[in-house]
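The values are calculated or read from the model by the stated rules, or taken from the named source; none is laboratory data. Keep in mind the model is a prediction, meaning the values are calculated, not measured. Cβ: placed from backbone, ideal geometry, glycine included. Neighbour counts: every protein chain shown. Accessible surface is based on the protein model in full, side chains and every heavy atom, while ligands, DNA and RNA are left aside. Shrake-Rupley method; radii C 1.70, N 1.55, O 1.52, S 1.80 Å.
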Amino acid sequence: MQKFLDRWGRLAAAVFLIAVAGFSGAARAQGTDAAALDRPGFVAGLCGGAGPMAQAIAGGLESLAAASPEDVTWMAGIVAALGARQLRCVEPGGLILTAGAATDAVTGATVSPPGSPRTPVLNLRSRGAVENLEAALTLLSSRDAPSRQRALALLSRRPDAVPPTVFARATDLAATTAERDAIAELSVIAALSSPDMPARLAAIAGLAAEPNRRTLLRLETLREDPAYGTDTAFRDTVDAAIADSSFWVKLSSVLSVAYNGISYASILFIAALGLAVIFGLMGVINLAQGEFIMLGAYTAFMVQEGVRSVAPGLIDFYLIIAVPFVFLVTALLGILVEATIVRHLYRRPLMTLLATWAVSLFLINLVRVTFGTQNLQFVTPSYVTGGFTLVGDFIVTYNRLFAIVFAAAVLALAWFVLQRTGLGLNIRTVTQNRDMAGCIGIPTRRVDRLAFGLGSGLAGLAGLALAPIYNVNPLMGTNFIIESFMVVVLGGVGTIGGTLIASLGIGQINVMIEPLYGAVAAKVIVLLLIIAFIQWRPEGLFPAPGRRK
Amino acid sequence: MSAATTPAGALPASPGLVRRFGGDGGFRTVTALVAAGLAAILVFGGALAGGPLGLSPYLVNLVGQLAAFALLALALDLIWGFAGILSLGHGLYFAIGGYIAAMHLLKHGFAVSGVVPDFMQFMGWSEFPAFWWGLESFPYALLLVVLVSGTVAFLFGYVSFRSKVGGVYFAIITQALVYVAMLLMFRNDTGFGGNNGMTGFSVIFGFPVGSAGLTVGLTAASLAVLLTALLGLRWLMTGRYGRLVLACRDDEVRLRTLGYRTLWLKLSVWCLSAVLAAVAGMLYVPQVGIINPRLLSPELSIEIAVWVAIGGRGYLTGAVLGAIFVNALKFWLATRAPELWPFILSGLVVLVVLLLPNGFSDAGREISRLGDRRGRGRTLESLRRTLLRERGA
C-alpha cells in the first residue's frame with residue numbers, strides 16, 4: 001500500500017530519484033576518493049596525441065566528483081581553451097594564448113610565447129568527450145542560467161559517458177528544482193547503461209517510480225539489452241518495471257480523458273443550465289441564450305476594465321468580482337426580454353423560437369456595432385494558467401480545473417435556488433403543473449419572469465467562465481447554442497440532474513471520440529448519436545412525469 | 001372560386017381587406033404577378049437583359065434568385081403552415097439541390113471545356129471522386145436531386161414521426177441536422193469543395209455562364225417552376241389530401257382515431273417539401289454561381305422560417321410574398337446600409353410575431369378582429385380563430 005501511495009506525489013518520486021542517484025554516486029565516490037587533480041598530468045595527456053588525450057579527458061571526468069572548486073575552475077579554463085583552439089603544446093606543459101599574451105596552462109604564470117607551438121588536434125571521438133566534459137564543468141562551475149541549460153542539453157545526448165558521481169555533485173549544485181529534476185533524470189538514464197548491475201537495477205526502479213510515456217519507452221528499449229537475455233534478475237526487474245509503469249501510464253491516460261471530458265462537460269453544463277430552466281418552465285427554447293452567454297463575457301470584460309482603472313492591484317481577481325455584476329446584468333436583460341416579447345407568446349412556442357432568434361440577431365449586431373468584431377483581450381489570472389502533473393502524463397491544467405470548479409459552484413447555486421428558496425419552489429410547481437399552480441394562487445406570470453431572469457443570469461455566468469479560456473467575440477454564443485439545445489433535449493424537460501448527466505455524457509463521448517477521428521468528426525458523431533437517441537426516447541433521459549402531449 | 005375552396009389553411013374569408021391580402025384574391029394576384037413576370041421575361045427577355053429597356057441583367061438575375069427563394073419558402077410553408085411541423089433545417093435540402101446542381105455544372109463544364117474544377121486542383125486530385133459518376137447528364141442530376149433529398153427526408157422523417165417527435169423538439173433536431181451537415185461540408189476531404197465550396201461554372205446546357213440569354217433563361221425557368229409549384233400546391237392543398245393535412249395539423253389524435261394513418265400523411269408532406277426545397281436549391285446555385293457550406297448554416301435555415309412567418313403561414317401566397325419582401329429588402333439594403341439590415345430584420349420579426357401572428361397575409365383579418373372587439377363583440381367565428389391560432393403554433 002505504501003508503495004502505491006508514494007507514487008501519487010510527483011515530489012516523492014523526485015526525492016526518491018535523487019536518493020537513488022545520490023546513493024549510487026556515494027558508492028562510486030568511495031572507490032575514486034582523494035585523487036587530487038594532477039594538473040600537469042592532465043595537460044600532458046591533452047598534448048600527448050589521440051590515445052593519451054582520450055584518457056586524460058575520461059580521467060578528468062572521473063575526477064570531477066572529488067575535485068576542489070579551484071581545480072574545477074582551472075579545468076574549465078583549459079577545456080574551454082582546448083575547444084577554442086587556444087591551447088598550445090610546448091615542453092614541459094601547455095600554453096594558453098590569448099590576444100598575443102601567453103599563460104602557462106598549469107601554473108597560470110605569464111610566459112613569453114615560444115617559437116613553434118603545436119595545437120592539439122581534436123578528433124571526432126574526443127570532440128564528443130570534450131563536449132561532455134565541458135558541459136559537466138559548466139554545470140559544476142557556472143552560475144549562468146542559459147549556459148547551464150545548454151550544458152544540460154549537451155549532456156542529455158550522451159549521459160552514459162558521464163560518471164554518476166558527477167551527476168550527484170551537479171544535483172547538489174543545481175540552481176532550480178526543474179534543473180535538479182533534469183539532472184536527476186539524466187543520472188538515471190546514465191545509470192541504466194552503467195556497467196555496475198546494482199546501480200542499473202536501482203535506476204530501473206527509479207524510472208518505474210516516475211511512470212510516463214517517455215520512461216516507459218526507455219524501459220522498453222532495455223529489452224533489447226544483452227543483459228536481458230542472460231541475467232534473470234535484470235530481466236525480472238525490467239519486466240516488473242514495465243508492467244508497473246505501463247499500468248500507471250494507462251491509468252493516467254484514462255484519467256486525462258476523463259478530466260478533459262469533465263471540463264468540456266462543465267462548460268456545456270453551465271451553458272445549458274439556464275436554457276434548461278427556461279425550457280422546463282415554459283416549453284420554450286430561448287434562441288438568444290447564446291447571446292446572453294456572449295453578453296456575460298462582455299460584462300466580465302467591462303468589469304475587468306473597470307477594475308484595471310479603479311484598483312489595478314485587484315486585477316487578478318476580476319473574475320470573482322465580476323460574478324454578481326454579470327449575473328445581475330444578464331438577468332435584468334432576460335427579464336426585459338421576457339416582459340416585452342416572450343410573455344405574449346407562451347401559447348405559441350414555435351413563434352418564441354423566431355422571436356428569440358430576432359433578439360439574438362439584434363444583440364449580436366448591437367455588440368458588433370458597439371465593440372467591433374475583434375476578440376476581446378482578457379487578463380489571464382494566475383489561477384487559470386499552468387498546471388501540475390498528478391500521475392504519469394496526466395497534467396491537471398488550472399484553466400480546466402477553473403471551469404470544473406466554477407460549474408460545480410453554479411450547480412450548487414442553481415440547486416440551492418431551485419430547492420431551498422420560495423422562488424425555486426414556485427418554479428418547480430409551475431413547471432410541474434402550470435394551471436394547478438395558478439389555481440392555488442402562485443403568480444405564474446411573475447414566476448415565469450423571474451425564472452427567465454434566472455436562466456439568463458446563469459447563461460451570463462457561463463460567459464464569465466468562458467471569458468479567460470475561449471475566444472470572446474460577438475458570434476461566440478452561436479457556437480454553443482446547438483450543443484446546449486442538445487444537452488437540454490437529451491436531459492429531458494428541465495431537470496438539473498438530467499442536464500448534468502446529459503452534459504457529462506456528451507462531454508465524455510466527445511473527448512473519447514476526438515483522438516480517433518478529430519474534433520469536427522467527434523462533434524458530428526455526438527450530434528448524430530443524440531439525434532438517434534431522441535428518436536428512441538423523444539422526451540430525453542428524464543422525461544417529466546405525466547401524459548405526453 | 002367559391003367560399004368552400006378557400007386557400008388551404010385559411011378560414012372562411014371575411015370581406016374587405018382580407019381579400020386583398022390573404023384571401024382568395026391574394027392567390028390570384030400573386031399567381032397573376034408571377035405569370036406576368038414569367039411572360040415578360042420570356043417575351044422581352046433578350047431585350048430586357050440587354051439593357052435598353054431599363055431592366056439590367058443584374059435585376060433579371062435578382063428576379064430569378066427571388067423566385068428560387070420563394071420556392072424554398074413555399075416548401076417550408078407546406079410543412080410548417082399546412083402540416084404544423086416546423087423545420088429549422090430546410091437549408092439542408094436546399095443545399096442538397098444546390099450541391100448536386102454545382103456538381104452537374106462542374107462535370108458538364110469539364111466535359112465541354114476540359115477544365116478541372118478549382119477545388120480539385122486545390123486538393124491535388126486528378127480525377128473526380130467516384131460518387132460524381134454520371135453527373136454530366138442533366139436528367140440524371142435532376143433524378144439524383146429528387147432521390148437524395150427525398151431519401152434523406154424520408155429516413156429522418158420516418159424515424160422522427162414514428163416516435164412522435166414534434167414541436168420544439170423536432171425544430172431543434174432539424175437544426176442540429178443542418179449544423180452537422182455544415183460541419184461535414186466544411187471539411188476539405190469530403191469531395192464537395194470544403195469550406196471554399198464550388199464555383200467557376202463555365203457552361204450551362206452549352207451556353208456560356210454570364211451571358212444575357214442565360215440569365216434570362218434561368219430566371220424564366222425559376223419563375224416557371226415557381227408558378228407550377230404554386231398552382232400544383234394550390235390544387236393539392238384544396239383537395240382531399242390537403243384537407244387531411246390540415247386536419248392532421250389541427251388535431252392529429254382525432255384524425256388517427258378516425259382511422260387515418262397520420263404517419264404516412266405527415267411523411268408524404270415532409271418528403272414533398274424536402275424535394276421542393278432541393279429543386280429551389282438547384283435553381284438557385286447556377287444563378288449565384290457559387291455554393292459553399294454557408295448555405296447549411298443554421299442561421300439561413302431559421303431565416304427561411306422568418307420569411308414564411310412574415311409573409312403568412314398557411315397561405316401559399318404568404319410564403320411567396322414573405323420571401324420576396326424580405327429578400328428584396330435585403331438586396332436593396334445590402335449596398336445602401338448593410339449594417340442596418342440585422343436591426344431591421346429583427347425588428348420586423350418581433351413586430352410581426354407580436355402583432356400579426358399569422359404574418360402579413362393575416363393583416364386584414366387582424367385589423368377586422370380589432371374591429372370585432374370594439375364593435376360587434378366576439379363572434380363564434382373569431383373565437384374559433386383565436387383557439388386555432390393558439391393551438392396551431
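Determine, for each peptide in B:270-280, A:429-439, B:315-325, the mean count of other beta carbons within 10 angstrom over its residues, then list the peptides with the highest first.
On the way: B:270-280: 26.4, A:429-439: 15.4, B:315-325: 28.2.
By packing density, highest mean first, the sequence is B:315-325, B:270-280, A:429-439.
Any idea how many Lys pairs in the protein assembly as shown come in under 21 angstrom at the alpha carbon, given 8 or more places apart or on separate chains?
Working: A:Lys3/A:Lys250; A:Lys549/B:Lys164; A:Lys549/B:Lys266; B:Lys164/B:Lys266.
Number of lysine pairs found: 4.
Taking the Cα centroid of region A:177-194 and of region B:257-293, what is the distance between the two, rounded to the nearest whole Å?
Region A:177-194 and region B:257-293 have Cα centres spaced 68 Å from each other.
Taking a label point 7 Å from the Cα of B:Leu183 along the Cα→Cβ vector, which residues of region A:260-276 have an amide N closer than 19 Å to it?
The answer is A:260-273.
R0 = 30 Å: FRET efficiency of B:Trp125 with B:Phe154, Cβ-based, nearest 0.05? Show your work: numbers first, answer last.
On the way: r = 32 Å, r/R0 = 1.06.
Taking R0 as 30 Å, the efficiency between B:Trp125 and B:Phe154 is 0.40.
Residue by residue through B:171-181, how many Cβ atoms from other chains fall within 10 Å of the Cβ on average?
Numbers: counts 6, 12, 9, 1, 7, 10, 3, 1, 8, 10, 1.
Per residue, the number of nearby Cβ atoms from other chains is 6 on average.
Taking N as the number of residues in the protein assembly as shown, what value does Rg over Cα atoms divided by 2.2 N^0.38 Å take?
Values: Rg = 38.4 Å, N = 942, 2.2 N^0.38 = 29.7 Å.
In units of the globular-protein estimate, the protein assembly as shown measures up at 1.29.
For A:Asn375, project a label point 7 Å along Cα to C-beta. Then give me every residue of region A:277-312 with its amide nitrogen under 17 Å of that point.
Only A:294, A:297-298, A:301 fall inside the zone, counting backbone N under 17 Å.
If one takes the longest principal axis of the Cα atoms in chain A, at what angle in degrees, from 0 to 90 and to the nearest 10, does the Cα axis of helix A:197-209 lie?
20
Output ³J(HN,Hα) for region B:243-255: one whole-Hz value per residue in order, computed from phi by the Karplus curve 6.51 cos²θ - 1.76 cosθ + 1.60 with θ = phi - 60°, and x for Gly and Pro.
5, 5, 4, 5, 4, 5, 5, 7, 7, 5, 4, 5, 5
Sum up the charges of everything whose Cβ sits under 15 Å from the Cβ of A:Thr110, counting Lys and Arg as +1 and Asp and Glu as -1, but leave A:Thr110 out. Don't skip to the answer; put the middle values down first.
On the way: positive: A:Arg88; negative: A:Asp104.
Taking every other residue near A:Thr110 into account, the sum is 0.
Amide H neighbours of B:Ile204 under 5 Å, at least 5 residues apart or on other chains, H built in the peptide plane: list them.
B:Val209
Could you report the buried accessible area between B and A, both sides summed, computed with a 1.4 Å probe and given in Å² to the nearest 100?
By this definition, chains B and A bury close to 3900 Å².
Based on C-alpha coordinates, I'd like the Rg and Dmax of region A:197-271, in Å.
Considering region A:197-271 through its Cα atoms, Rg and Dmax are 17.3, 61 Å.
Quick one: angle between helix A:232-282 and the longest Cα principal axis of chain A, in degrees between 0 and 90, rounded to 10, please.
Once rounded, one gets 30 degrees.
How many nm separate the modelled label positions at B:Ser211 and B:Ser163, each set 7 Å beyond the Cα in the direction of the Cβ?
Result for the modelled spin labels: 5.3 nm.
Rounded to the nearest 0.05, what FRET efficiency do A:Arg213 and A:Asp172 have when you use their Cβ-Cβ distance and R0 = 30 Å? Please report the intermediate quantities before stating the final value.
On the way: r = 29 Å, r/R0 = 0.98.
Rounded to the nearest 0.05, the efficiency is 0.55.
Can you pull the one-decimal nm distance between simple spin-label points at A:Arg157 and B:Leu263, each 7 Å off the Cα toward Cβ?
Each label point lies 7 Å from its Cα, and together they span 7.3 nm.
Residues with amide H under 5 Å of A:Gly492's amide H, sequence separation 5 or more or different chain, H placed in the peptide plane at 1.01 Å from N; which?
Long-range HN contacts for A:Gly492: A:Leu541, A:Phe542.
Would you mind checking which residues have amide H under 5 Å from A:Ala102's amide H? H placed 1.01 Å from N; only 5 or more apart, or other chain.
For A:Ala102, whose amide H was placed from the backbone, the distant partners under 5 Å are A:Val111.
Using +1 at the Cβ of each Lys and Arg and -1 at the Cβ of each Asp and Glu in the protein assembly as shown, identify which of A:Tyr517, A:Gly438, A:Leu366 lies farthest towards the dipole's positive end.
Selected residue: A:Gly438.
Taking only Cα atoms, what is the 0 to 90° angle, nearest 10, from helix A:398-420's long axis to the longest principal axis of chain A?
So the inclination is approximately 30 degrees.
I want to check the label-to-label distance for B:Thr29 and B:Thr190. Put each point 7 Å from Cα in the C-beta direction and report it in nm to one decimal.
So the label points at B:Thr29 and B:Thr190 sit 4.2 nm apart.
Please give the solvent-accessible surface of B:Lys164 in Å², to the nearest 10, using a probe radius of 1.4 Å with every protein chain present.
That residue has around 110 Å² of solvent-accessible surface.
What does the charge add up to near A:Ala451, with Lys and Arg as +1, Asp and Glu as -1, over the other residues with Cβ less than 15 Å from its Cβ? Working shown, then result.
Details: positive: A:Arg343, A:Arg428, A:Arg434, A:Arg445, A:Arg446, A:Arg449; negative: A:Glu338, A:Asp448.
Surrounding charge for A:Ala451 is +4.
Quick one: putting +1 on the C-beta of Lys and Arg, -1 on the C-beta of Asp and Glu, what dipole do you get for region A:393-549 around its Cα centre, in Debye to the nearest 20? Before the final figure, lay out the partial values.
On the way: 12 positive and 6 negative charges, 132 e Å.
The dipole magnitude comes to about 640 debye.
When only Cα pairs under 8 Å and 6 or more residues apart are kept, what is the percent relative contact order across region A:258-394?
On the way: 87 pairs, mean separation 40.2, N = 137.
Computed value for region A:258-394: 29 percent relative contact order.
Using 1/(1 + (r/R0)^6) with R0 = 56 angstrom and r between the beta carbons of A:Asp239 and A:Ala412, what's the FRET efficiency to the nearest 0.05? All intermediate terms of the calculation are to be shown ahead of the outcome.
Numbers: r = 48 Å, r/R0 = 0.86.
Result of the calculation: an efficiency of 0.70.
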